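Trainee: Please read through the structure below; I'll follow up with questions.
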Amino acid sequence: MTPSTGPIQLLYQRLYVVVVVTIAAALAAWFFSERVTPIYRSQARIFLPMRGDAFSLTSEEANMPTGPRLPTGSAELLDSLMGLLEAADLRQLVAAQIEGRTSADLEKSVSFAVDKFNRVTISVFDPDPEMARRIAETYVREFRVRLDETTKAAMRSNADLLVQAIEDTERQIHELEQERLRFLQGKGTVDYSTEFAMKSEEVALYRRQVATLDAKVASAQQGIAELERQLAERPDATPENFVPRSRSEVRNPRLDQLASEIRAAEVELAELKTKYRPKHPDVVAKEEQLKLLRDELASESERIAGTEEFGPDPMREDLEKQLVTQRIALEAANGERARYQELLERAQAELMALPEVASKLEDFDSRLKKLRETLSLSRSRLNEFQLYLKRDTSYLGIAEAPVAPQTPYLPRTDLAVLAGALLGLVLSVTLAVGMVRAAVFRQEALWS
């Protein structure tokens with residue numbers, strides 16, 4: 001070795017050392033990796049949805065999804081999930097279902113983490129790949145059951161509170177109804193609202209009757225005034241103002257006389273026609289006479305006036321009869337109106353005594369209505385709770401189910417060989433440099 005020899009030349013001179021040590025280190029790493037018991041890793045990824053499932057019996061909008069089930073980004077919720085997963089009682093519960101593994105084993109072989117997608121990762125390390133899968137699967141199942149049971153337990157508690165509230169509301173309704181019934185019985189009725197409506201209808205009926213009778217009285221008064229006016233225009237019932245009342249008719253005696261003369265003329269005409277020709281003056285004269293008699297008979301009336309009676313004006317008598325009838329009707333209408341007016345005043349007096357009671361009943365009805373609305377709402381909410389508790393849906397979503405790994409997670413033989421080779425390279429270079437320095441030291445000692 002000379003002073004001008006550089007590091008590269010020095011390593012080149014001891015290259016066999018570098019190669020042998022590096023190969024030996026890589027082989028040693030490979031040998032020990034093959035002798036180490038392999039460790040398998042099974043992972044499950046779960047997430048808490050950003051939005052929980054809603055359910056309502058009264059609103060269809062609440063049952064419609066508002067978006068996909070995505071993991072929540074709330075750091076507080078994720079920290080809470082990590083705390084629940086790392087709980088010792090959950091670990092003991094899982095260990096109790098895994099034969100050959102204790103809670104202490106699981107504490108060492110199971111880890112939890114939150115990835116960048118806000119998913120909670122459960123990693124299980126075990127020499128048995130199927131056991132690793134079972135542990136991860138049991139963790140997911142038991143954690144889901146615990147989370148669901150915890151949430152549903154709170155819902156059951158709320159449902160129990162609703163049941164108690166419903167019972168209290170039903171009791172209040174029953175007590176208020178009994179109080180209302182006692183109040184009505186104290187007033188001598190069991191359905192005062194119906195009585196109030198009937199009394200109002202009775203007052204309205206009497207008012208309509210009085211109004212109708214008022215119109216009837218006014219009409220009768222107008223009729224009487226009109227009849228009195230017409231009577232004043234008719235002549236008085238004195239003999240000098242009598243008018244024909246009736247007349248009789250008799251058979252016209254002239255008809256029989258003319259018929260007798262016609263028959264006699266016809267006989268004479270027949271005798272003349274036997275003696276003379278049709279153009280004879282006697283025959284023509286007789287025919288003219290017969291024609292005149294027939295014309296006179298045709299112009300005569302069959303009935304003629306007989307006797308005739310006179311008396312007072314019949315229209316006046318009819319008007320007087322109508323006037324009497326109208327006055328009787330007026331008196332009857334006035335009497336009937338007075339009776340209905342009395343009934344109306346009595347009914348109005350009874351109705352005026354009802355507002356205080358009606359106000360009390362309105363208070364009862366208003367309180368009952370509010371209690372019944374509250375009861376209906378509570379029952380609807382209870383039905384929603386009960387139906388939701390029967391659902392099998394979970395609050396926890398599974399993004400990746402655990403599977404049995406096919407290749408071991410540890411050891412990584414390729415990485416171990418690479419690490420051994422790198423370590424051998426460092427050691428070989430160090431050894432080569434040491435050997436060179438030792439040779440230099442020996443040469444200097446010989447020359448000194």
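Trainee: What nm distance separates the two modelled labels at Glu261 and Lys116, each placed 7 Å from Cα along Cα→Cβ?
Mentor: Taking the two extended label points, one gets 15.1 nm.
Trainee: Continuing with the same structure: Just add up the charged neighbours of Glu167: K/R +1, D/E -1, any other residue whose Cβ is under 12 Å from the Cβ of Glu167. Each step should come with its number before you reach the end.
Mentor: Values: positive: Arg171, Arg379; negative: Asp160, Asp168, Glu170.
Neighbourhood net charge equals -1.
Trainee: Around Leu371, what is the net charge, scoring Lys/Arg as +1 and Asp/Glu as -1 over all other residues with Cβ under 13 Å from its Cβ? Before the final figure, lay out each step's value.
Mentor: Working: positive: Arg171, Arg180, Arg367, Lys369, Lys370, Arg372, Arg379; negative: Glu167, Asp168, Glu170, Glu175, Glu177, Glu179, Asp363, Asp365, Glu373.
Residues near Leu371 contribute -2 overall.
Trainee: On to the next question. Can you list residues from other chains, or at least 5 along the same chain, whose modelled amide H is less than 5 Å from the amide H of Tyr409?
Mentor: Placed amide hydrogens put Ile39, Tyr40, Arg41 under 5 Å from Tyr409.
Trainee: Full extension from Val19 to Ser376: what is 0.36 nm times the residue separation minus their Cα-Cα distance, to one decimal in nm? Walk me through the numbers before you get to the answer.
Mentor: On the way: separation 357, 0.36 × 357 = 128.52 nm, distance 8.86 nm.
Going from the current span to full extension adds 119.7 nm.
Trainee: Assuming 0.36 nm per residue, please report the length gained on full extension of the stretch Ala96 to Leu422 beyond their Cα-Cα distance. Write out the running numbers ahead of the final one.
Mentor: On the way: separation 326, 0.36 × 326 = 117.36 nm, distance 4.49 nm.
Taking 0.36 nm per residue and subtracting the Cα distance, the gain is 112.9 nm.
Trainee: Evaluate the distance, in nm, between pseudo-label points positioned 7 Å from the Cα of Glu268 and of Lys291 along their respective Cα→Cβ axes.
Mentor: Placing both labels 7 Å beyond Cα along the Cβ direction yields 1.7 nm.
Trainee: OK, next. State, to one decimal in nm, how far the label point of Glu350 lies from the label point of Asp365, with both points 7 Å from Cα in the Cβ direction.
Mentor: With each label placed 7 Å out from Cα toward Cβ, I get 2.0 nm.
Just so you know, all these numbers are worked out from the coordinates, no wet-lab data involved. This structure is a prediction, so every number in the text was calculated from the model and none was measured. Note: ideal-geometry Cβ built from the backbone for every residue, glycine included; neighbour counts use all protein chains shown.
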